[in-house]
Amino acid sequence: MSDVVPIKLACIDLAGTTIGDIAMVERAFAEAIATQGIVPGTGAYARAMVHVHRSRGCPKIEVFRGIFPGNEAQAQAANLTFERAYAGALDRAGLTPVHGALETLDKLRGSGVHLALITGFSRATLGRVLGVLGWHSLVDLAICPEDAGGRGRPWPDMVLHAVLRLGIEDVRQVAVVGDSESDMLCGRRAGASVVAGVMTGVHSRERLIKGGATHILDSIADLPDLILSEDLGTHQVAAAGR
């Protein structure tokens with residue numbers, strides 16, 4: 001394709017994309033909700049967990065604000081419990097990278113592609129995750145909503161923050177990769193030419209395409225072959241559902 005530009009920055013999600021902690025995150029959400037009186041076995045709990053699933057990739061505090069609309073104190077209390085519950089789970093069980101994640105990061109950096117990890121976690125939780133994984137030196141940036149004025153996904157702000165920080169000349173030189181619809185919306189709104197959905201996380205292929213995925217990958221391990229290719233259009237998906 002004559003209009004394809006080389007990818008110089010990959011903005012990559014954490015949970016469900018590069019680390020396999022989906023169950024850990026879900027349990028932390030469940031614990032946080034339960035402390036606010038919404039317990040398993042109730043209709044309110046089922047509705048809350050549906051909201052959690054639909055909102056994956058968004059800032060955690062925004063997820064709780066959706067569950068407790070109009071009650072900021074309750075949302076903040078639940079968010080604090082989530083942070084503590086997830087931190088405790090990290091201390092007990094650690095984290096396991098998705099198969100091929102480390103190799104992908106190494107290969108992209110070795111090819112001159114800048115790397116930014118993007119997450120809906122708070123700054124404190126993001127720092128703890130990077131410490132557990134030992135990934136501080138593997139990426140150029142690790143960005144949370146606080147770094148971008150408080151707006152996380154599906155807003156484009158975190159991706160654009162990375163573009164500005166790393167001096168990327170053109171948003172078309174950006175690839176955004178994640179496992180949720182909000183990741184895809186974020187990438188599209190930021191103007192990235194590659195918005196790749198991976199099938200190792202929470203949302204279906206259909207949901208990722210609905211969010212604006214340009215490509216669907218089995219896992220993060222397939223990313224180097226895609227963005228280092230001379231023809232990014234080869235495996236492009238139809239823009240169905242948008």
(message) Among 52-58, 138-144, how do they line up by average Cβ neighbours within 10 Å per residue, starting with the highest?
(response) 52-58, 138-144
(request) Give the dimensionless ratio obtained when the Cα radius of gyration of the stretch 138-208 is divided by 2.2 N^0.38 Å. (result) 1.07
(message) Please give the charge dipole size of the chain, origin at the Cα centre, charges +1 on K and R Cβ atoms and -1 on D and E Cβ atoms. Round to the nearest 20 debye.
(response) 680
(message) Looking at the chain only, what percent of DSSP beta bridges run antiparallel? Nearest 5 please.
(response) 5
(message) How large are Rg and Dmax for the stretch 1-131 when calculated on the C-alpha trace, in angstrom?
(response) 17.2, 57
(message) Between the stretch 110-161 and the stretch 55-98, how far is it from one alpha carbon centroid to the other, in angstrom?
(response) 17
(request) Please give the peptides 9-21, 119-131 ranked by average Cβ packing (other Cβ atoms within 10 Å per residue), highest first, as a rough proxy for protection. (result) 9-21, 119-131
(request) Would you compute, for the Cα atoms of the stretch 78-157, the largest minus smallest coordinate along each principal axis and list the three values in descending order, in whole Å? (result) 42, 32, 18
(request) Could you rank the peptides 148-156, 67-75 by their average count of other C-beta atoms within 10 Å per residue, with the highest value first? (result) 148-156, 67-75
(request) For the stretch 28-101, take the alpha-carbon Rg, divide it by the Kirkwood Rh, and send me Rg/Rh. (result) 1.01
(message) What are the extents of the Cα atoms of the stretch 84-224 along their three principal axes, in Å, largest first?
(response) 39, 32, 31
(request) Please say if the stretch 106-152 is rounded, prolate or oblate, where rounded means a/c under 1.5 for a ≥ b ≥ c the square roots of the C-alpha gyration tensor eigenvalues, and otherwise the choice is prolate for a/b larger than b/c and oblate otherwise? (result) oblate
(request) Report, ordered by chain and residue number, the lysines lying within cross-link reach of Lys107, taken as a straight Cα distance under 20 Å and ignoring same-chain residues fewer than 8 apart. (result) Lys8
(request) Compute the Rg/Rh shape ratio of the chain: radius of gyration over Kirkwood radius, all on alpha-carbon atoms. (result) 0.97
(request) Would you grab the residues whose amide H sits under 5 Å from the one on Leu217? Only those 5+ places off in sequence or on another chain, please, with H modelled 1.01 Å from N. (result) Gly197, Val198, Met199
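Computed from the coordinates by the stated procedures, all read-outs in this text should not be read as laboratory data. Bear in mind the structure is a predicted one, so any value in this text is a computation, not a measurement. Every residue, glycine among them, receives a Cβ derived from its backbone with ideal geometry; neighbour counts consider all protein chains shown.
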